[in-house]
Amino acid sequence: MTTAEKILARASGRDIVRPGEYVTAEIDKFMSHDAFAAVHMSLASVGVQKICNPERVVVALDHYVPPPTQRAASIHQLVRDGVRKYGITNFYAERGGIAHQVMMEKGHVLPGQLVVGTDSHTCTYGALGAASCGIGFSEMAYALATGKLWFRVPQTIRFELNGELPFPVSSKDIILKIAGDYSAEAAQYKAVEFSGRASRDMSVESRMTISNMAVEIGAKFCFFETDDKTQAYLSNRTHEPYQEIHFEEPSENMEVYHIDVSEMEPVVAIPHCVDNVKQISQLERLEIHQAILGSCTNGRLEDLRIGAEFIKGKTVHPNVRLLVIPASWEIYRQAMDEGLLSIFLEAGGIILNPSCGPCFGAHMGLLAPGERCISSTNRNFKGRMGSDQAEVFLASPATVITSAVHGYITDPRES
Amino acid sequence: MDVIEGRVWVFGDNVDTDAIVAGEYLDAPIEETIKHVFASLKPDFVNEVRQGDVIVAGKNFGCGSSRENAPASLKAVGIKCIIAESFARIFFRNAIAIGLPVISALGVPGRFQEGDTASIDFSRSMIVNVTDGDSLHAEPLADEMIEILDSGGILEVLRRHGGGNQ
């Protein structure tokens, strides 16, 4: 069986499941953020007084941190009220960071678990080998009340990443290139397994960038195998036992894509689709007004380290506002201890608190009509980050920072 | 489930949830968000949509954020059913969960013009363009989904089962 089939079979109490089958599975972990307010209201609307497994629930505020409006502050009040009512002790308030990052770095996610979250980027935990996916708040209310949810067993496809990735090309370039080459629907309703030397060579953080964006190619789940890097990551964070994830040989009818990353160039997703991807060398000179280094895609310590390396001793172009957003408090603290934050500060960057920031278009760095932003985030839809007359380009941390220095979208190899 | 018949709005591929309801209205009450549905993609939509209308779309409808207010807003402005070549999975689940029928039909783009009348027979998984008589098969919905839709949404299922707290 594939990884997705093994996990869904275990969670639904069956020996075997097949793609296309529907199963009702028991959920191992539940993640929610500011949307927990809506979950709480939904539970209340149908008279649910207690939830099934409060110890399996993790809530962290990340979207409206700190609240930009009275309405957002009221939403946080509701979240706190719900957290108290249902006895959820894994509540990080605004002191954890982006909920996905908190889930992984605080040891709430283990290989082989079935996890649902009220956010489309819940698939990020696949970097650690969990079957994790996004759902809405009504489904979350149902799942919390009953402990279970229906799933269609997905087909599985595999991307075998071969070769050695040439620095400064990064895992962000790989997932953007996959979106560009195979489309935003490449993995619609499917589970994706990432294998091959380049997958093994990658840090756990780089794997998280790829699994984070698996949903941008339509994927339901995304998996990386358990190896010494996974074990090292988890050993500092949890003492719970877990089932390692190892892929079986692909069956005859499994779609397997072989990708050689050794010749790969830095790429950019241009407006207004994630799969509208071009090699950076093919772009004309495009001036930018905002650059963002952060998010659940690329706001981890290795991203900040690369950013700092590319900006040290330089300054942000006068026409550009650079926003640096560490993905969590833990990362923020480490970046401070390593002196990375002062490098960004000296260069003229704005350092924001760990949060989703402007990524979803609500606050902290929105775009005016005609403005152009290069961002390490995961979506460039029209109107995603402010005006629908603005443009968002997606790229790696190295490309974002090099562009912030030059004032136009720049190949990091020319840094 | 009954047969649904309604006037058609046509959309293309990759309609994302930000295009349905922009992120700045994510925290707004539904009465507010419904004023901004498809604001930049189809500005006339909110003024001209009528109760019982149907959306016919291309590939990957509802891609992007898991925001449930996207299908909820479409339901609230009167959309009775969405037919698409394919759906992004979270949108598909959310639509079923709030009791908005959605159905995939390969080859549906190009079979309807804006303003045509579509008829969707869920029991036979059949879609008919009433305006020109054209018809095509759709992908059947699973029993789990039909049960949720028939109940009026997953929260109604929960209410029926005593809120999960026996």
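Bear in mind that the values in this text are calculations on the coordinates, not laboratory data. Predicted, not measured: the structure shown is a model, and the values here were computed from it. All Cβ positions, glycine included, derive from the backbone under ideal geometry; neighbour counts span all protein chains shown.
Listed values, structure above:
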| read-out | value |
| --- | --- |
| Descending principal axes extents, region A:141-269, alpha-carbon based, whole Å | 49, 35, 31 |
| Where Rh is the Kirkwood radius over Cα pairs, Rg/Rh for chain B | 0.96 |
| Cα convex hull of region B:74-143 - mean projected area over all directions, nm² | 4.9 nm² |
| Inter-chain Cβ neighbour average for residues B:85-93, partner chain, 10 Å | 6 |
| Computed over chain A, Kirkwood Rh from alpha-carbon pairs, angstrom | 21.4 Å |
| Mean separation of Cα contacts under 8 Å, 6 or more apart, over the residue count of chain B: relative contact order % | 24 percent |
| Partner lysines for A:Lys85 [C-alpha distance under 22 Å; skip if fewer than 8 residues away on the same chain] | A:Lys29, A:Lys50, A:Lys148 |
| Hits among lysines - C-alpha to C-alpha of B:Lys59 under 24 Å, sequence gap 8 or more where chains match | A:Lys177, A:Lys190, A:Lys220, A:Lys278, A:Lys382, B:Lys42, B:Lys75, B:Lys80 |
| Highest-first arrangement of A:44-55, B:83-94, A:386-397, where packing means the average Cβ count within 10 Å | B:83-94, A:386-397, A:44-55 |
| Peptide A:251-264 - average C-beta neighbours from other chains (10 Å radius) | 0 |
| Solution diffusion estimate, µm²/s, Stokes-Einstein, region B:11-99, Kirkwood Rh from C-alpha pairs, 10 °C, viscosity 1.306 mPa s | 126 µm²/s |
| More than 19 Å apart - percent of Cα-Cα pairs taken over region B:54-112 | 19 percent |
| Dimensions in Å of region A:268-414 - Rg and Dmax from alpha carbons | 13.7, 39 |
